[in-house]
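Novice: Sharing a structure with you now.
Where a number appears in this text, it was derived from the coordinates with a stated rule and is not lab data. Only a predicted model underlies this, so the values are computations on that prediction, with no experimental measurement involved. Glycine gets a Cβ as well: all are built from the backbone with ideal geometry, and neighbour counts include every protein chain shown.
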Amino acid sequence: MEHRASESTRDSARAEALRAEQSYVTMLYDRLDVVRERAEAALRAEHGRGAQGGTRQARVERDVSAGEYARRVARLSSIERGLCFGRLDDDEGETYYIGRAGLRDERDELVLVDWRTPAARPFYTATPSDPGPLVRRRHLHTRGRTVVRIDDEVFDLGRMSEPDRRALVGEAALMAALRRGRTGRMGDVVATIQTEQDQVIRSGLPGALVVQGAPGTGKTVAALHRAAYLLYAHRDTLERRGVLVIGPNTLFLRYIGQVLPSLGETDVVLTTVGELYPGVRATARDTPEAEVVKGDTRMAEVIAAAVRDRRRVPDGDLEVAVPVKTSVRGGVEVVVERMTLRVDHATCARARDRAQAVRNPHNVARKLFVDSALTALALDEARQLDRPMDEEDLRYARQALWRTAEVREALDALWPLLTPERLVAELLSDADRLRAASYGPGGEVLLTPEQQGALLRPPGSPWTTGDVPLLDEAAELLGEDDSAARAAEREALRRRREERSYARGVLEINELTEMMDARALAERTPSGGPAPTTAERAAADREWVYGHVIVDEAQELSAMAWRTVMRRIPTRSLTVVGDVAQTGSAAGARSWAEMLDPYVKGRWREARLLVNYRTPAEIMEVAADVLKAVDPSQRPPVSVRDGEAPPRAVRADRADLATVLPALVRSELEEITGLGEGRLAVLTPDARHGEIAALLPGSASALTAEALDSPSVVLTVTQSKGLEFDGVIVLAPDEILAQGPKGGQDLYVAITRATRRLTVVHENALPPMLARLRR
Ligand SMILES: Nc1ncnc2c1ncn2[C@@H]1O[C@H](COP(=O)(O)OP(=O)(O)OP(=O)(O)O)[C@@H](O)[C@H]1O
């Protein structure tokens, strides 16, 4: 009786607590509505202020404040879901509610604390053994605007056992989050960030931070929350320069694409290494041999040699037959007389050396070479025609020669105007050019004949990810003959200055000066057309310098790719996230020092994440066996969860796959989606993707958004990097192991994609490292 009475007391206390929290949360949403309505009204008022016309100043004013209000409305709308998710009670009787953004009431009292502020920090860092000033931490679970559950942790040390002390922060809330079926998109985890992740997220902006962690330890999720945190804590710097997030492929970018907007942040450029060079979208993959050669920083010297090789001096003298007399016959102009202009070999060599000595980029230096060559040709012309030449004549003669197709052709052959695309494409598809670029300036060998052979490919081949750093390198060395662009830039600068002074006027009128500076406003609102965001401008500009760069799955970047990345972040304010045990690219990292020391020697700091939130313990044991076999130096992570079904192996003859696989996919999908939402992936060796996709027409297999939305998807292991699925079917483990020097790492990656169920389908004997699987 007594027992039942105390239980009902507890129930009613809980119901009462839930009611109290509901009324607070309702108040917060009401407040959010008010603030949002005000911003919307202000936006409407701005749009209504005068017709399209008006003075230029009026237009700038309107655009400036309308842009700001629009951003505010967008931000306020993005925080609707899970607005408030936590509460802290401290030992001084104070209570704070934690949420996605800060909110103040009508009397300017803080009613909701932004998760990124120092005041919110104990929510993530307090542990039973080190609670700081906290008496209690409460997790609020909401559905829509309704509070559906609360989880409490009471920090009462005296009554807790040692194992409890070591228990994870917010365990109940965390477990509930981890048990949820996957939706095909990564979600934010603001409500359940763990202490070790919190340290990564709030680590200072300057310098390079490496986050090393095994699969599923939340590296990606921590890196994205770090982006949101940095944008909040250093808004001034980062909003103007932008934050760049580099991921392994576009499917992955789609997978993580929702996380930052759900945290209210949109000013981030998400891209892949294959897209770092504007204008090129490289998705093709090199052979492992080519990957290794292209990934080596020696390629920077090869590109330099290729550029040098394009600057030629004729074997003998330069001879150009130019028309001196033309006549029109039958309506067509024909040359009736030519004369041959001649510049001797030594003069050509001098012209080249002089232009080269200035050390300008190739296309800029070309102007100098062309000028000298034209002068020499004009002088020869004057000599042959026995004409005197003063400065004025010479200028005129040079211009006339430059308009002559024959002269242009001849000089182009000696010092062509080159785009990076042309240089690299021609280098990689021409054995002679490749051979010529395989030697340094002192004759030292840069590429062996085998390495040249690995690079050589047919003309017109698609761009590969490995080509992008070469293009970027070439762009640095070639530069642009930008005299026209520079004039345009000067004009744009003059206009920007003018706009800045308008913007300053606007600020004074609107009393917004505290919120932002005039330059930021003017840059955001160039007149004519909608203002491009920082992210848009940055993504289109190869030479854009970012405020911070985050590289995910960073182990896949080659040394050459790091050069490309580092060019975009001269301050070296970087977050490097990855796992050297998962490196699949033959040119990827074996250690972080190998890749980073050339840029930040001894100055990078490392954080390690050790707990796996994705893969259940039973599946992780299988993965650990694989890791031990392929890279015994790496430690597997500790899983926080147990699985629902033991991982298993299914034997199938290749001839039977057409019946076995569809049946397996069907039954696994039933198991997974029994609880509602869920995703299944069939992971294949790279070479068998097409064949398996054909056997499973009901599953998505192209790298589109559809692949993430479909209940089942067929992917190569490489494509699955960074993703996760409730159920994973790994096909032909022996072939995955054999598909390259990093086949073992690939198998490790494949197994660790599973959040609930793992099935390995094998046609040949099961590799011994998978012996643990139930058969
Ligand atoms: N604090 C947390 N609260 C809730 N879920 C979490 C937390 N940390 C990680 N997770 C979940 O664990 C899963 C793995 O996270 P994530 O993809 O960031 O790991 P990763 O270390 O990048 O893995 P990989 O190296 O395999 O790419 C995700 O579903 C993520 O949402």
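Novice: Going highest first, how would you order 451-458, 262-269 by mean Cβ packing within 10 Å?
Specialist: 262-269, 451-458
Novice: In addition: Is it possible to state the helix-based mean residue ellipticity at 222 nm for the chain, with each DSSP H run of 4+ residues giving -39500 (n - 2.57), the sum divided by total residues, to the nearest 500 deg cm²/dmol? What is it?
Specialist: -14000 deg cm²/dmol
Novice: Using 7 Å Cα-to-Cβ label points, what is the Ala617/Arg457 separation (nm, one decimal)?
Specialist: 4.7 nm
Novice: Follow-up question, since we're still on this one. Starting from the 7 Å offset along Cα-to-Cβ, what nm value, one decimal, do you get for the label separation of Val328 and Ser429?
Specialist: Result: 4.1 nm between the two label points.
Novice: Let me ask something else about it. Please list, by residue number, everything in the range 122-146 whose backbone N is under 17 Å from a paramagnetic label point 7 Å out along Cα→Cβ of Glu92.
Specialist: Within reach of a label on Glu92: 122-123, 132-136.
Novice: Next question, about the same structure. At a Förster distance of 30 Å, what's the computed FRET efficiency of Glu450 paired with Glu421, Cβ-Cβ distance as r, to 0.05?
Specialist: For R0 = 30 Å, the calculated efficiency reads 0.70.
Novice: Between Arg71 and Asp541, 0.36 nm times their residue separation minus their Cα-Cα distance comes to what?
Specialist: Additional length available on full extension: 166.9 nm.
Novice: Listed highest first by mean packing, meaning other Cβ atoms within 10 Å per residue, what order do 405-415, 733-743 come in?
Specialist: My ranking of the peptides, most packed first, is 733-743, 405-415.
Novice: Highest mean first, what order results for 419-425, 573-579, 590-596 on Cβ atoms within 10 Å?
Specialist: With the highest mean Cβ count within 10 Å placed first, the list reads 573-579, 419-425, 590-596.
Novice: Shifting gears a bit: For the range 617-773, what is the relative contact order in percent, using Cα pairs closer than 8 Å and at least 6 residues apart in sequence?
Specialist: Relative CO of the range 617-773 lands at 32 percent.
Novice: Assuming a ≥ b ≥ c are the square roots of the Cα gyration tensor eigenvalues, decide whether the range 318-414 counts as rounded (a/c under 1.5), prolate (otherwise, with a/b larger than b/c) or oblate.
Specialist: prolate
Novice: Expressed in nm to one decimal, what extension gain is obtained for the pair Thr271 and Gln384 from 0.36 nm per residue of sequence separation less their Cα-Cα distance?
Specialist: 34.8 nm
Novice: Sticking with this one: Return the distance in nm (one decimal) between the two label points of a simple spin-label model at His345 and Arg185, each offset 7 Å from Cα along Cα→Cβ.
Specialist: Modelled inter-label distance: 6.9 nm.
Novice: Could you tell me the calculated FRET efficiency between Asp152 and Ala41, based on Cβ-Cβ distance and R0 = 30 angstrom, to the nearest 0.05?
Specialist: According to the calculation, E is roughly 0.15.
Novice: If Lys and Arg each add +1 and Asp and Glu each add -1, what is the summed charge of the other residues whose beta carbon sits under 10 Å from the beta carbon of Gly187?
Specialist: Neighbour charge sum, excluding Gly187 itself: +3.
Novice: Could you name the lysines in cross-link range of Lys742, using Cα to Cα under 26 Å and dropping any fewer than eight places away on the same chain?
Specialist: Excluding near neighbours in sequence, the set is Lys219, Lys294, Lys628, Lys721.
Novice: Multiply the residue gap between Asp353 and Asp653 by 0.36 nm, knock off their C-alpha separation, and tell me the result in nm, one decimal place.
Specialist: Computed gain between Asp353 and Asp653 is 101.2 nm.
Novice: Once R0 is set to 35 Å, what does the formula 1/(1 + (r/R0)^6) return for the Cβ-Cβ distance between Leu493 and Asp371, expressed as a FRET efficiency to the nearest 0.05?
Specialist: The calculated FRET efficiency here is 0.80.
Novice: Where a ≥ b ≥ c are the square roots of the eigenvalues of the C-alpha gyration tensor, would you call the chain rounded, which needs a/c under 1.5, or, failing that, prolate if a/b is larger than b/c, or oblate?
Specialist: In terms of gyration-tensor shape, oblate.
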